[in-house]
1. From Cα pairs below 8 angstrom and at least 6 apart in sequence, can you work out the relative contact order of the chain, rounded to a whole percent?
2. Using unit Cβ charges (K, R positive; D, E negative) and no other charged atoms, how large, in debye to the nearest 20, is the dipole of the stretch 398-470 about its Cα centre?
3. Please give the calculated 222 nm ellipticity per residue for the chain, where each DSSP H segment of at least 4 residues contributes -39500 (n - 2.57) and the sum is spread over every residue; nearest 500 deg cm²/dmol?
4. Between ARG432 and ARG318, what is the label-point separation in nm under the 7 Å Cα-to-beta-carbon projection?
5. Using the Kyte-Doolittle scale, find the helices of the chain whose mean hydropathy is at least -1.0 and whose Cα atoms extend 27 Å or more along the helix's long axis, counting only whole DSSP H runs.
6. Give the residue from GLY145, ALA216, GLY75 lying farthest towards the positive end of the charge dipole for the chain; charges sit on Cβ (+1 for Lys and Arg, -1 for Asp and Glu) and the dipole is referred to the Cα centre.
7. May I ask for the Rg/Rh ratio of the stretch 155-274, computed from Cα atoms with Rh as the Kirkwood radius, given to two decimals?
8. Work the Kirkwood hydrodynamic radius out for the chain: mean of 1/r over every pair of different alpha-carbon atoms, inverted, in Å.
Amino acid sequence: MTEPIAQQLADLLGRDTVLMPDGAGGAANTPELEKYAVDGLAPQVVVQPTDRESIARLMQWAAARQVAVLPRGGGVLSALGNRPAQVDVALDLSRYNRVLDYQPADLTVTVEPGVTLQTLSRELARGGKFVPLESPLSHRATLGGILAANASGPLRHAYGLARDWLIGISVVGADGVETKAGGKVVKNVTGYDLNKLYTGSLGTLGVIVEASFKLAPLMDEWAALAAPFPSMDAAIAAGRSLIAQVYAPQGLQVVNRPAARRLNLTADSAAGAYVLALFAGRPRAVGRRREESARLLGQSGATAVESLDGAAGQALLRQVTDLGWSDDTIPALGMRVNLPPTAVGQLVAAIVGESAGESGAELGLVADLGFGVAHLLRWPETFDQAAAGNEEPAGDAVIAGSLSEIERMQALARSMGGTVVVEHCAPAVKARIDVWGGAATEAELEIMRRIKQNFDPLGLLNPGRFMGRL
């Protein structure tokens, strides 16, 4: 290329669409571009389109020059995935963010991918509807990013995953050609279900430019229970009993003490763990379910049962969904363990048993007993403390501690028929592992390779980040 790619794209798409690097020649790794870095790798240029035609032209240009493109929404889930094999253009979709069609009577909505979950929720509420999608930091998380990562939260036990609510999608492929799947009506059974193929593919098969969702009536009442227990074992036993009842909550999480501190659940200084029960629905139904659940938790050994109504209940739901993150603080190490729901208690018991020593004392744990997911979180300050105690540099402590805990959790999960996905870790750690941790068999990986070859034969979309480094 005789001309910097930033200038080429500015000429192609317009100067207001391209975040130009500092300097006339376009020096890479300026502070603006560093904000879009993935695992320490900054793009040469950032493109911020406001229409799908610009996205198509970008992909056609990239295919002709074999330039790698990394789609991005609000950046909340950008740490997910392996280290990119190539970073050229960051495709920032946050300005492509309109609600295109909202039909409350038909229970459908169609949006552009840059709409944030918080913005969409407020718009839907005006028509008395909601879509049960979840992600940490909903004020930044975009619908495209949620679909690409198949993100979920505490209500997934009752409402399922993002792909279960997606009914139609439009995607610009690696060659710049737009294709569609599904439609804008709930009863749509025409053609292959490509909605589920794109959901969770981490932007490696195409760039989402439009998505349609089915909706549900807005909940009249939100409530929650927070019940401290003297031990994790007691909390798990109570949670398993509650989730089996006909009056079970829509979401049920068990959190250990380090995670409880991040969620500001430290009213009981003697609590070893908390059961968090989340309710939504009509007022009478919510009241009855909450009353019965509180009685069961009390009979199961809770030292207290705090009831949170309305805004307080929704605030707790947001706290659990955020997993203790904030705009300024993310985990130094974050792992998601996926396993059969019946094995969650066994996993937690094993973790608690091994956590008596220094290595596990500050490992936060948030377990979803109904769905079969456990999040394991370690925060930067705990690694710093470990480094100070071992007279080891903080960076070395993070790497060594992270690798040790990842290996330990992978072994535990495999023994229980589960897998571990590393969602957050230092770039130096990621360089030594596959963050997907054997989440797919070799036969499944071969199918994925064939799909990738057909959808993106040049390997230009998020190269190297998906399973099998696709």
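1. About 15 percent, as a whole number.
2. Numbers: 9 positive and 8 negative charges, 27 e Å.
Dipole of the stretch 398-470, to the nearest 20 debye: 140 debye.
3. About -10000 deg cm²/dmol.
4. Using points 7 Å along Cα→Cβ, the separation is 3.9 nm.
5. Span-like helices, by this rule, are 394-415.
6. It is ALA216, whose Cα lies furthest towards the positive end.
7. Rg/Rh: 1.15.
8. After inverting the pairwise mean of 1/r, the radius is 23.3 Å.
Only the coordinates and a few stated rules stand behind these numbers; no lab work does. The model shown is predicted, which means the values in this text are computed figures rather than measured ones. Using ideal geometry, Cβ is built from the backbone for each residue, glycine included, and neighbour counts are taken over all protein chains shown.
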